[in-house]
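Report on one structure; see the data block that follows.
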Amino acid sequence: MTDRGRGMPTLVVDATDPVPPYEQLRRQLAELVVSGVLGPGERLPPLRQLASDLGLAVGTVARTYRELETAGLVRSRRGGGTRVVDEPPTVPGDRLAELLREHAAGYVHRARLLGAPDDAVLDAVRQALTTSWSAPGSRGPAPR
Amino acid sequence: MSLGLVVVVAGLVVGVGAVIALVLALVPTRAAGEAVPVRVRRRLVVWRWVGAGLGVAAAVTASATGALGRGLMLAVPLFGLFLVLGVLAGELSVSAPSGPTRRASLDPRRLGDYLPRALTAAVVTATAALAGLLVTTTLLGSPDDLGRNGRWLSARCGMDGSEGHGPWPGSYYAVPLAAVVILGLVAVAVTLHRVVRRPRPGDPVALAASDDLLRRRAARVAVGGWGVLVTIPLVGISVVAGAGLRAVSCGPDWWDTLAGVTTALVPVWVVVLIWSASTVVLTRPVVATGGAADGSTVGAGTSGGVIPGAGGPGGTGAEVNTPGAGR
């Protein structure tokens, strides 16, 4: 089973975060669907598996899946599990630059608060580009 | 086959098995990523041994106390049942994460990923054969001379004569055996469910490979225990039933056919028995190669979410495991 988990996302729940766990999960899963990391028809883990892995109540994960279904991101079928819908919403192409600027501004703001010099800020971005995952359609990490 | 020959063959099988087990113990299975924590692996092994120990105790007790061979018949199935329960206890000992930060992979785990398919098919077949045989022997059984129902096989010969043979594996033996087998099946089902559903004992990416090996091993032992539980009585009842059907000379013709089939299948069930037992006994230690299991894990949500409107909570977010990175 050494190839299981390859390229599959990992969800993180912070129990100390004031945001309730179901909402933390909902946001992460919504991001993964909208960004295309979870492709159309891809199956989400069963409720009980995710609840067990995260130490959460099954009802908490069920609420997350319900809200994702209400938002039109996933569909649940009896016996067929929960899957990403066939045509999930995506990021509009004309908004890409705008979104990148928003995220870059947020990152730079945090880096400045840490007192990081500009070179270190840029180095961190370059390093992230070489080690980060590549979303579908992107050029992906530079070859090493 | 004389008793001496049986002992020699059994000793040979055990000896060869011990040598193979020793060799396999020296040839570890390599798993990418980190190893499952020692305390978790130790608990899994300890519970398995506790189950095996209790199984031996139950088998000895049953064989010493059961009357008219019933205890002897139930001894090995009880061992198999407790072995499976030991696996279940080990899997239950892996507790859910309780720290402030918890991670989970989105990769769905399926029973088919861990189940030994060929062995499972063989054991399911043996179980169906045992069920069919027990129903048949129960329907054919009649009370013995002391009125114990289902311990005698009799056939009417001519107008006013009859012929019989015993002991016969009818309801007197089939009912308690069926009860143990059903308990065993329930235990196996619950164990396999737990093998798939239990949480990962640590980082879901780094531990994935070695944890999956442990789950696969647990499933193999559970199915192997199920196989032992079923095939030992299947072999015994096939031999006794075949001999009983042949011993009654005036039974219907299909009794001879049934006797031939049950006897002919005995070697098949013996093979399934050896296969099951070897799956329980022969295991290889897991050695983690260290480093990233499938690549690096990179946080994506620390800036408040990638996609506006879907944004993640501060400080948490989906992380994506990158194939090939970090190697």
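Structure notes:
- Evaluated against (1) at pLDDT 75 or above; (2) in contact with a strand residue (DSSP E or B) (Cβ under 6 Å, 6 or more places away or on another chain), residue B:58 falls short on exactly one condition, (2).
- Test: residue in segment B:30-38 that is in contact with a Pro (Cβ under 7 Å, 6 or more places away or on another chain) and over 24 Å from residue B:230 (Cβ atoms): yes
- Single residue of segment A:65-83 satisfying the filter (within 10 Å of chain B (Cβ to nearest Cβ) and of a type in the set (Gly, Ala, Ser)) that is surrounded by the fewest Cβ atoms within 10 Å (Cβ to Cβ): A:81
Every residue, every condition in (1) modelled with pLDDT of 90 or more; (2) acidic (Asp, Glu), yes or no:
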| site | (1), (2) |
| --- | --- |
| A:12 | yes, no |
| A:17 | no, yes |
| A:22 | yes, no |
| A:28 | yes, no |
| A:32 | no, no |
| A:39 | no, no |
| A:50 | yes, no |
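- Just one of the numbered conditions (1) under 18 Å from the mean Cα position of the chain (by Cα); (2) hydroxyl-bearing (Ser, Thr, Tyr); (3) over 29 Å from residue B:214 (Cβ atoms) is not true of residue A:65: (3).
- Residue within segment A:69-88 that is assigned to a helix (DSSP H, G or I) and closer than 22 Å to residue A:23 by Cβ present: yes
- Look at (1) facing another protein chain (nearest Cβ under 10 Å); (2) surrounded by fewer than 24 Cβ atoms within 10 Å (Cβ to Cβ) and you find that residue B:182 fails only one, number (1).
- Test: residue in segment B:206-215 that is out of contact with any helix residue (DSSP H, G or I) (no Cβ under 6 Å at 6 or more places or on another chain) and not in a helix (DSSP H, G or I): yes
- Of all residues in segment A:35-64 being assigned to a helix (DSSP H, G or I) and at the interface with chain B (Cβ under 9 Å from one of its Cβ atoms), the one that is surrounded by the fewest Cβ atoms within 10 Å (Cβ to Cβ): A:48
- Residue B:200 vs. criteria over 13 Å from the mean Cα position of the chain (by Cα) and either modelled with pLDDT of 95 or more or part of a loop (DSSP other than H, G, I, E, B) (or both): yes
Yes/no matrix, rows are residues, columns are (1) surrounded by fewer than 19 Cβ atoms within 10 Å (Cβ to Cβ); (2) within 14 Å of chain A (Cβ to nearest Cβ):
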| site | (1), (2) |
| --- | --- |
| B:64 | yes, no |
| B:69 | yes, no |
| B:72 | yes, no |
| B:84 | no, no |
| B:91 | no, yes |
| B:97 | no, yes |
| B:104 | no, yes |
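The values are calculated or read from the model by the stated rules, or taken from the named source; none is laboratory data. Only a predicted model underlies this, so the values are computations on that prediction, with no experimental measurement involved. Virtual Cβ from ideal backbone geometry, glycine too; neighbours counted across all protein chains shown.
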